[in-house]
Amino acid sequence: MAFSLISNHKKEIMKQSILYKIIFLLLVIYSLNSCESFTEIEAPQTQLSDKAVFENVNTANAAMADIYARLRDNSMVSGSFDGLTSLMSNYSDELLFHGSNTDLEAFYNHSVNPSNGNLATLWSTSYSQIYATNNFLEGLANSQLINQTDKDRLQGEALFIRAFIHFYLLNIFGDIPYIQTTDYTVNRVVSRMPQLEVWQMIKADLLRAETLIPDQYPTTERVVPNKATVKAMLARVALYTENWTDAVVYTTAVIENPLYVWQSNLASEFLKDNPAIIWALHPGRTGFNTLDAKTFVSSLTPPIKSTLSPDFVNTFETGDGRRTVWIRTVTKGTASWFQPYKYKKTGVTTPSQEYTILFRLAELYLIRAEARAHTRDEIGAAQDIDKVRTRAGLPPTTASGQANLLKAVAQERKFELFTEQGHRWLDLKRTGQADIVLGPIKPNWTATQVVLPIPETELLLNQNLLPQNPGY
């Protein structure tokens, strides 16, 4: 009898394991075959069964893991060629374009039009991921079998992701729809919202997530957002909306959190075990590393991948260790090219060594420095600037007065955050410097290009998205 009970128990475990694998496989298939736009989804026939996914916390976790995988592999923050790191670094003053990808070349030349393929991908994959997140939230809300603690955590993660993706859509396209449902009858006729309203909805989702997500990470790796990650995102939102007081409060909460330890070694800043990492994307499999390194690092000469602009590289201060450690020089004869070299591992390693980092302490110090300068805390602003400069091997800043401190912060952001999720472009845009910096070096630059056009495929699907952005 005892053997029979144990045997039956093992059989039940095997059945559950098979069920989880089947559901996870369905999730993968759903991910691969998900529609290209939120306006095209006519579920329920294209949806997974919410009841099946949310009968158990393990399958709900698998569904959430699928959403993170989408961010890693095919999203605005992906390190691939069609992510913001590549596209907007070409769009700004960071990169020189090489290769034959005409859609990417259009970003470099500022000739992006509404039919650009990379442009359509930015929009469609983002809203497809938002749809998946909304589907997750609706299924979770209807579940009666997952305990409240797990439901709160998962709801917080999904709300955070929804706000996170909308943040990038807003800053790239301007007025956008904020999608909070999977209802096709609503989404197919949705209109773009004023940016202020979108900012309010982003913040509302983040504030709700902040109450739900735990302080601790679920594992030793920081690949799932915790409460400090939400605070870091709230700090970034406060920076972009010029809420300087909130920016100081949120950054200080993260900086003073004992989970995070400043990394003084530049060579270790982008390793996955860096204790200054707040949130990173797991590469998917043990031994894999980032897409970022594959996008930029190559020994082929002349290069077939975008390289750093010599003008950009030459603006680093003498003695700046970031110029030495985070930039690679490749040569052929008398010609030289500069590659972003923050992420160095292009192949499989044992174990994985680099994860794509989305939030790290250095950004938080620079957000606080800028906010402190605006609130006339000049001493505090200089201290935060120097935290970053000292790690780079540079002397303390000589800047004083609000205007000079803000210039010093902008310079440090330029050299600290280059080729990371479009930070440089977004900084030029939000500080009103795009015309000044890009006008002299981009022949096709016009002031209306501070936002990209809405993809024409989307306008054809839904005329309520009109009018097109000015200049296109």
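The values are calculated or read from the model by the stated rules, or taken from the named source; none is laboratory data. This structure is a prediction, so every number in the text was calculated from the model and none was measured. All Cβ positions, even for glycine, are placed from backbone atoms using ideal geometry, and neighbour counts span all protein chains on display. These area figures cover heavy atoms from the full protein model, side chains too; ligands, DNA and RNA do not enter into them. Shrake-Rupley method; radii C 1.70, N 1.55, O 1.52, S 1.80 Å.
Candidates in segment 253-285 are the residues that are hydroxyl-bearing (Ser, Thr, Tyr) and either in contact with a Lys or Arg (Cβ under 8 Å, 6 or more places away or on another chain) or in contact (Cβ under 8 Å) with a residue 12 or more places away in the chain (or both); of these, the one that is farthest from GLY321 (Cα to Cα) is TYR260.
Examine segment 201-218 for a residue that is touching a helix residue (DSSP H, G or I) at 6+ places or on another chain (Cβ under 6 Å), more than 16 Å from HIS166 (Cα to Cα), among the β-branched types (Val, Ile, Thr) and open to solvent by less than 70 Å² (accessible area, probe 1.4 Å), and state whether such a residue exists. Yes, that holds for at least one residue. The set of residues in segment 54-91 being open to solvent by 10 Å² or more (accessible area, probe 1.4 Å), of a type outside the set (A, V, I, L, M, F, W, C) and under 30 Å from ASP427 (Cβ atoms) consists of TYR68, ARG70, ARG72, ASP73, ASN74, SER80, ASP82.
For the criterion of being touching a residue at least 40 places away in the same chain (Cβ under 8 Å) and touching a His at 6+ places or on another chain (Cβ under 8 Å), TRP244 passes. Residue under question is ASP93, and the condition is that it be more than 17 Å from the chain's Cα centre (by Cα), closer than 22 Å to PRO218 by Cα and touching a residue at least 24 places away in the same chain (Cβ under 8 Å); does it hold? Taking the combined requirement at face value, the residue does not satisfy it.
If you take the residues of segment 122-150 that are free of Cβ contacts under 8 Å to residues at least 40 places away in the same chain and farther than 16 Å from ASP205 by Cα, which of them is nearest to the chain's Cα centre (by Cα)?
Going residue by residue through segment 122-150, those that are free of Cβ contacts under 8 Å to residues at least 40 places away in the same chain are 137, 141, 144, 148-149.
Still in the running and farther than 16 Å from ASP205 by Cα: 144, 148-149.
On the way: GLN144: 33, GLN148: 29, THR149: 27 Å.
The qualifying residue nearest to the chain's Cα centre (by Cα) is THR149.
Of everything listed in (1) open to solvent by less than 60 Å² (accessible area, probe 1.4 Å); (2) more than 22 Å from ASN118 (Cβ to Cβ), the single unmet condition for LEU459 is (2).
Please specify each residue of segment 428-437 satisfying the condition of being touching a helix residue (DSSP H, G or I) at 6+ places or on another chain (Cβ under 8 Å), open to solvent by 20 Å² or more (accessible area, probe 1.4 Å) and not in a loop (DSSP other than H, G, I, E, B).
LYS429, ARG430, ASP435, VAL437
Considering (1) of a type in the set (Phe, Trp, Tyr); (2) open to solvent by less than 50 Å² (accessible area, probe 1.4 Å); (3) at pLDDT below 95, the lone condition that TYR184 does not fulfil carries the number (2).
In segment 383-425, which residues are open to solvent by 10 Å² or more (accessible area, probe 1.4 Å) and aliphatic (A, V, I, L, M)? Matches in segment 383-425: LEU394, ALA399, ALA403, LEU406, ALA408, ALA410.
The listed residues are ARG376, ARG360, ARG389, ARG323, and the only one of them that is of a type in the set (Lys, Arg), under 30 Å from TYR240 (Cα atoms) and more than 26 Å from the chain's Cα centre (by Cα) turns out to be ARG376. Summed over segment 149-202, the residues that are of a type in the set (A, V, I, L, M), under 20 Å from GLY422 (Cα atoms) and out of contact with any Phe, Trp or Tyr (no Cβ under 6 Å at 6 or more places or on another chain) give a count of 7.
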